[in-house]
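Heads up, the thing below is written out as structure tokens.
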Amino acid sequence: MTDTIDEAQELEARHLQRALAQHAVRAGNVVSLIPAGECHNPDCSEDFENDPARLFCGPACAERFEAIHQHRNA
């Protein structure tokens, strides 16, 4: 015999599974960046001679890159 708590837990589990499935779909569409020896922000493109494994100069360039790509995909 189920009570309201059991029903709430089942509902929560279904919502969680749906959210995880949606997240997996979105995560599957993400392209991984490969270090190129320079900043991936097209407005910057600073060379990383001392650290070729870096992707961006810093948080500002990473945020700008993300904004550019979100705008293109919208």
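The values are calculated or read from the model by the stated rules, or taken from the named source; none is laboratory data. Please read these numbers as outputs of a predicted model, since none were measured by experiment. Methodologically, a virtual Cβ is constructed for each residue, glycine included, from the backbone with ideal geometry; neighbour enumeration extends over all protein chains shown. Ligands, DNA and RNA are stripped out before the accessible areas are found, and what is left, the full protein with its side chains, is counted by its heavy atoms. Shrake-Rupley method; radii C 1.70, N 1.55, O 1.52, S 1.80 Å.
Taking the mean number of other Cβ atoms within 10 Å as a proxy for protection, how do you rank 33-45, 8-20 from highest to lowest?
Highest mean packing first, the order is 33-45, 8-20.
Enter the angle in degrees (range 0 to 90, nearest 10) between the Cα long axis of helix 59-73 and the first principal axis of the Cα atoms of the chain, meaning the one along which they spread out most.
The angle comes out near 70 degrees.
Solvent-accessible area per residue for segment 19-74 at a 1.4 Å probe radius, Å²?
78
What is the diffusion coefficient of the chain in µm²/s, taking the Kirkwood radius over Cα pairs and the Stokes-Einstein relation at 4 °C with a viscosity of 1.567 mPa s? List each step's numbers first, then the result.
Values: Rh = 15.6 Å.
The diffusion coefficient I find is 83 µm²/s.
Taking the Cβ of CYS44 as the center, what net charge do the other residues with Cβ under 14 Å away carry, scoring Lys and Arg +1 and Asp and Glu -1?
That works out to -4.
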